[in-house]
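Asker: Structure provided below as structure tokens; questions to follow.
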Amino acid sequence: MSAVNITNVAVLDNPASFLKPFQFEITYECLAPLADDLEWKLIYVGSAEDETYDQLLESVMVGPVNVGNYRFVLQADPPDPSKIREEDIMGVTVLLLTCSYVGQEFIRVGYYVNNEYDDEQLREEPPQKVLIDRVQRNILSDKPRVTKFPINFHPENKDPEDQTPPPDRPAETDGNREEPPASTRLPSDPRLP
């Protein structure tokens, strides 16, 4: 059983300009006191085919973590468009919110993000070069993909039953597993739960 459970993630300021910061209000509960901090990360997937275009937008340590309920707002700068291939800026991509404890990822929340022009005429007749200041992002916050990984929250316990499988083998999956609408389908991306 997990010592930490995310009870809610609210995507704030959505939809928004591509160049505005991301904001997530994260609510979680801790069921057992933890000796170390939790590490929260927000990762923008710049290309479904190539992980080298992924951008770590924010990484924060949150603690101390005692038994109780917690809430905070994670704010992150937008991705750097110069680090994304021009052909991958527009359309659908993925945003990953992860949480780790002592270097062990135990939850991953994946969101589809649709980037399109804020003007109908630009959508119908897109310019050859992307006008980044006219791109609007829309995080599909109502269909997150949540994957939980079993980890040992108390590594001082050396009981072999506390050992967990590697994070590439999730123990259970929550969240909406429906296929996204045809207009938002991405090529298969193993980073999305």
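The values are calculated or read from the model by the stated rules, or taken from the named source; none is laboratory data. What you see is a predicted model; the values in this text were computed from it and never measured. With ideal geometry, Cβ positions are generated from the backbone for all residues, glycine too; neighbour counts draw on all protein chains shown. Side chains are part of the model used for accessible areas, which takes the heavy atoms of the whole protein and leaves out ligands, DNA and RNA. Shrake-Rupley method; radii C 1.70, N 1.55, O 1.52, S 1.80 Å.
Asker: Please give the number of the condition ASP159 fails out of (1) modelled with pLDDT under 55; (2) within 19 Å of the chain's Cα centre (by Cα).
Answerer: For ASP159, the exception is condition (2).
Asker: Which ones in region 103-129 are open to solvent by 10 Å² or more (accessible area, probe 1.4 Å), touching a residue at least 60 places away in the same chain (Cβ under 8 Å) and in contact with a Leu (Cβ under 8 Å, 6 or more places away or on another chain)?
Answerer: ARG108, TYR112, ASN114 - these are the residues of region 103-129 that are open to solvent by 10 Å² or more (accessible area, probe 1.4 Å), touching a residue at least 60 places away in the same chain (Cβ under 8 Å) and in contact with a Leu (Cβ under 8 Å, 6 or more places away or on another chain).
Asker: In region 11-47, what residues are more than 26 Å from PRO81 (Cβ to Cβ), open to solvent by 40 Å² or more (accessible area, probe 1.4 Å), of a type in the set (A, V, I, L, M, F, W, C) and at pLDDT 95 or above?
Answerer: LEU31
Asker: Among (1) under 19 Å from ILE151 (Cβ atoms); (2) surrounded by fewer than 13 Cβ atoms within 10 Å (Cβ to Cβ), where does ARG71 come up short?
Answerer: Unmet for ARG71, out of (1) under 19 Å from ILE151 (Cβ atoms); (2) surrounded by fewer than 13 Cβ atoms within 10 Å (Cβ to Cβ): (1).
Asker: Please enumerate the residues belonging to region 78-102 that are part of a loop (DSSP other than H, G, I, E, B) and either basic (Lys, Arg) or without any contact (Cβ under 8 Å) to a residue 24 or more places away in the chain (or both).
Answerer: ARG85
Asker: Can you confirm whether ILE132 is over 21 Å from ALA10 (Cα atoms), in contact (Cβ under 8 Å) with a residue 24 or more places away in the chain and among the hydrophobic types (A, V, I, L, M, F, W, C)?
Answerer: Yes, satisfied.
Asker: Filter region 141-155 down to the residues that are of a type outside the set (Ser, Thr, Tyr) and crowded, with 18+ Cβ neighbours inside 10 Å and list them by number.
Answerer: PRO144, ARG145, VAL146, LYS148, PHE149, PRO150, ILE151, ASN152, PHE153
Asker: Across region 1-27, which residue is nearest to the chain's Cα centre (by Cα) among those that are without any contact (Cβ under 8 Å) to a residue 60 or more places away in the chain and closer than 14 Å to PHE106 by Cα?
Answerer: So, considering only residues that are without any contact (Cβ under 8 Å) to a residue 60 or more places away in the chain and closer than 14 Å to PHE106 by Cα, the one nearest to the chain's Cα centre (by Cα) is ASN5.
Asker: Take GLN55 and tell me if it is of a type outside the set (D, E, K, R), open to solvent by 70 Å² or more (accessible area, probe 1.4 Å) and more than 18 Å from LYS148 (Cβ to Cβ).
Answerer: no
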